[in-house]
Amino acid sequence: MTSVRKPRSAEWQRPLLLIAVCGALSAPVLAESAGTVTNLAGVLSARKADGAVKVLGPKSEVDRGDLLSTGAGTYARVKFTDGGELTLRPNTQIKIDDYRFEQARPEEDNAFFRLIKGGLRAVTGLVGKRNGVNAYRMNTPTATIGIRGTNYGVLYCEPDAKDDSCADYRDQSGQSIQPGLHLDVAEGRIVVDNEGGQQEYKAGEFGFVSSKSSAPMSVAPGKGVPIATDLGTNQPPESVLGNPLDPQDFACTIN
């Protein structure tokens, strides 16, 4: 006699359904990387959002929430998915507070960084070019930097720093520099804002902010500290890393 299999009851199927749903909810979600290390000389590490510390190499990915740190004598260049770049100098710490880029949804763009110490050159990608100051921000201990499509340098020297992170830097007259935030602009414009006021800097100009309550100052070119525009006063990253990547060499375009 052929037996007839009875259909499974709803009660019997429910546990399997719950298992399937729970399994889907617990599956890991792979986050899209914010950028990639393209050039490196020395030791570069990233403290992840979960507290883990990872030593990075060329082609390593960096993610939203990473705290990047360069060692003594280390230079590193990171290219982001929107075509922007950060070239980090020795003894630098910077956190990627938030980063989002989708070619088809510019209204959701943002690139928010926080410089803790040290120096870098920043080349704006599509996030800054499409939305400017609304989507791009570089926080520092003394001021916040907004941009309008630019290539700029920033160096923060800590007062009484144990590693004396700015001891090797000089202004264009060859003099030692004082603690605080030093700025220069190679292309475009930046807007620097803090409790003391606001100041805009254009290409070829230099700035300085001594504290978060002191207004940003303009500095005469002969006394400025070259970071983005440096040709030799302070060791240019290109002398260690080679030529910078072309920021125009990027697949996405602005509609």
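The values are calculated or read from the model by the stated rules, or taken from the named source; none is laboratory data. Quick caveat, the model's predicted, so the values are computed rather than measured. Because the Cβ atoms are built from the backbone with ideal geometry, glycine has one as well, and the counts that use them run over all protein chains shown. All accessible areas refer to the heavy atoms of the entire protein, side chains included, with ligands and DNA or RNA removed. Shrake-Rupley method; radii C 1.70, N 1.55, O 1.52, S 1.80 Å.
Observations on the structure shown:
- Failed item in (1) within 17 Å of the chain's Cα centre (by Cα); (2) in contact (Cβ under 8 Å) with a residue 60 or more places away in the chain; (3) surrounded by fewer than 21 Cβ atoms within 10 Å (Cβ to Cβ), with ASP168 passing the rest: (1)
- Residue within the stretch 114-136 that is open to solvent by 40 Å² or more (accessible area, probe 1.4 Å), within 24 Å of GLY71 (Cβ to Cβ), part of a strand (DSSP E or B) and in contact (Cβ under 8 Å) with a residue 60 or more places away in the chain present: no
- Those strands (runs of 3 or more DSSP E) lying entirely in the stretch 50-106 with at least 3 residues farther than 18 Å from ARG137 by Cβ and open to solvent by 20 Å² or more (accessible area, probe 1.4 Å): 53-56
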